[in-house]
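To keep things clear, I will list the structure first and then write my remarks on it.
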Amino acid sequence: LADVHTPAGAALLDEFLPGLEQMPPGETETAPPPEALALHGEEKELFETVDWQRVSETCLGCGACTYVCPACHCFAFRDVEDHDGAVRYRFWDSCMYSQFTRHASGHNPRPNLAERYRQRVLHKFLYLPQNVGLAGCSGCGRCVRSCPAGVSIRGVVRKIMEELP
């Protein structure tokens, strides 16, 4: 569904998606909104009552979901020596990788997959809604299509909400 507001936007759609039919003006208001999905309850409850080991057991930790997600934005820095000094590069990273949260001291606050999966779910469906009023998931399904195990993060959240007191 595309709602075009400018001639430049219409030109982009025509260039990249030729033949796309645009909705008549006024009909975008009647289009179904994205499904609202956010975790309810207290953060402490989510940390203590959810069996994250069980929830994450089908996840492989490959990070494919994070690389195709339009809302994921994790990155890291790497300094590379150059003949005149060093250059700092910012590169895409994934919260699902075991070394993502490793500190310079060597301490890793999320050494296992269950802890990393918990962080990903809570970031998208608890912290972002609390902090900015929007979930970190557009519902596009790219993560499910790219996941070798077919894990649906939205399905996981629905199941957690059903199990919470």
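Those residues that are surrounded by 14 or more Cβ atoms within 10 Å (Cβ to Cβ) and polar (S, T, N, Q), I need them from region 40-57; list them, please.
The one that is surrounded by 14 or more Cβ atoms within 10 Å (Cβ to Cβ) and polar (S, T, N, Q): SER56.
Filter region 64-98 down to residues that are of a type in the set (Gly, Ala, Ser) and under 16 Å from GLY136 (Cβ atoms), then give me how many there are.
Going through region 64-98 one residue at a time, the tally reaches 2.
Residue-by-condition table, conditions (1) modelled with pLDDT of 90 or more; (2) closer than 15 Å to SER56 by Cβ; (3) assigned to a helix (DSSP H, G or I):
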site	(1), (2), (3)
ARG118	yes, yes, yes
LEU126	no, no, yes
ASN131	no, no, yes
CYS143	yes, yes, yes
GLY155	no, yes, yes
LYS159	no, yes, yes
PRO165	no, no, no
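Under 6 Å between Cβ atoms, at least 6 apart or on separate chains: pull out the pairs that start in region 79-100 with a residue that is farther than 12 Å from TYR117 by Cβ and end on any residue that is among the basic types (Lys, Arg).
From region 79-100, the pairs are ASP79/ARG88; TYR89/ARG78.
It is to be established whether one or more residues within region 114-125 are farther than 21 Å from LYS44 by Cα, touching a residue at least 40 places away in the same chain (Cβ under 8 Å) and under 16 Å from the mean Cα position of the chain (by Cα).
No, every residue in region 114-125 fails to be farther than 21 Å from LYS44 by Cα, touching a residue at least 40 places away in the same chain (Cβ under 8 Å) and under 16 Å from the mean Cα position of the chain (by Cα).
Does SER105 count as modelled with pLDDT of 90 or more and open to solvent by less than 50 Å² (accessible area, probe 1.4 Å)?
It is false that SER105 is modelled with pLDDT of 90 or more and open to solvent by less than 50 Å² (accessible area, probe 1.4 Å).
The values are calculated or read from the model by the stated rules, or taken from the named source; none is laboratory data. Quick caveat: nothing in here was measured; it's all calculated off a predicted structure. Here the Cβ is made from the backbone with ideal geometry for all residues, glycine too, and neighbour counts use every protein chain on show. When the accessible area is computed, the model is the full protein with side chains, heavy atoms only, and any ligands, DNA or RNA have been set aside. Shrake-Rupley method; radii C 1.70, N 1.55, O 1.52, S 1.80 Å.
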